[in-house]
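I have placed the structure first, in the form of structure tokens, so that the comments after it can refer back to it.
The values are calculated or read from the model by the stated rules, or taken from the named source; none is laboratory data. This structure is a prediction, so every number in the text was calculated from the model and none was measured. Glycine also receives a Cβ, built like all others from the backbone with ideal geometry; neighbour counts cover every protein chain displayed. Side chains are part of the model used for accessible areas, which takes the heavy atoms of the whole protein and leaves out ligands, DNA and RNA. Shrake-Rupley method; radii C 1.70, N 1.55, O 1.52, S 1.80 Å.
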Amino acid sequence: MNKKLLVIGHGRHGKDTVCEILRDKYNYTFESSSKFCSTRFIYNQLKDKYGYVNEEQCYADRHNHRTEWYDAICAYNVPDAATLGREMFGAYDIYCGLRNKREFFAMQNTGVFEHCIWVDRSMHLPPESKDSMSLEHWMSDFTIDNNGTLEELQFNVDQLMSYIRT
């Protein structure tokens with residue numbers, strides 16, 4: 001049985017790529033939290049406001065409304081900040097893309113995940129705005145360096161998995 005992994009980091013720093021490596025090489029299951037939320041509730045909240053024809057269009061436009069998505073997800077997790085985390089981990093081995101520290105601490109304090117992994121690409125991309133990301137690097141258990149090539153990233157994932165699985 002796979003350990004429950006929370007994969008976090010700033011927008012476009014490679015979280016989904018790390019999760020794809022974990023899926024393809026280590027048989028982990030995941031779906032982007034944005035896709036999960038879009039399907040579950042965000043599309044219905046935003047479709048009329050932005051004239052989305054379908055959920056895929058809403059999901060594809062998420063980067064243009066990061067703060068609005070962040071706020072919608074925060075509201076979904078009231079009063080229990082671990083709600084989405086429990087739902088994600090009920091369906092998948094990995095929660096990819098958490099951005100709220102209140103939700104992080106609620107999940108951490110209730111044992112919803114076993115390890116938290118930060119994906120870092122800070123040598124190439126800036127950090128995300130605090131309006132849509134309140135997590136910080138120090139909150140994670142492990143860091144995967146994604147400042148090199150795809151092959152180096154795969155090596156770094158392999159190194160971490162070798163450690164986690166022992």
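The set of residues from segment 137-166 being surrounded by 13 or more Cβ atoms within 10 Å (Cβ to Cβ) and small (Gly, Ala, Ser) comprises Ser140, Gly148. With a requirement of 2 or more residues that are under 26 Å from Leu160 (Cβ atoms), the helices (runs of 4 or more DSSP H) lying completely within segment 2-53 that satisfy it span 15-26, 33-37. Of the residues making up segment 117-136, those that are surrounded by 13 or more Cβ atoms within 10 Å (Cβ to Cβ) and over 19 Å from Cys96 (Cβ atoms) number 0.
Tally the residues that are farther than 19 Å from Asp61 by Cα and either without any contact (Cβ under 8 Å) to a residue 60 or more places away in the chain or out of contact with any Lys or Arg (no Cβ under 8 Å at 6 or more places or on another chain) (or both), restricting the search to segment 4-22. Count: 9.
Could you run through segment 71-86 and say how many residues are within 13 Å of the chain's Cα centre (by Cα) and either open to solvent by less than 10 Å² (accessible area, probe 1.4 Å) or within 15 Å of Lys15 (Cβ to Cβ) (or both)? So that I can check it myself, show each step before the final result.
Narrowing segment 71-86 to residues within 13 Å of the chain's Cα centre (by Cα): 73, 84-85.
Add one more test, that the residue is either open to solvent by less than 10 Å² (accessible area, probe 1.4 Å) or within 15 Å of Lys15 (Cβ to Cβ) (or both), and what stays is 84-85.
Result for segment 71-86: 2.
In contact (Cβ under 8 Å) with a residue 24 or more places away in the chain and over 14 Å from the mean Cα position of the chain (by Cα), is that true of Lys25? Considered against the rule, which asks whether it is in contact (Cβ under 8 Å) with a residue 24 or more places away in the chain and over 14 Å from the mean Cα position of the chain (by Cα), Lys25 comes out as yes.
Set side by side, the residues Phe89, Phe104 differ, and just one is part of a helix (DSSP H, G or I), out of contact with any Lys or Arg (no Cβ under 8 Å at 6 or more places or on another chain) and either basic (Lys, Arg) or under 15 Å from Ile8 (Cα atoms) (or both), which is Phe104. Suppose we filter segment 41-66 for residues that are open to solvent by 60 Å² or more (accessible area, probe 1.4 Å) and touching a residue at least 24 places away in the same chain (Cβ under 8 Å); how many remain? Looking only at that region, the number is 2.
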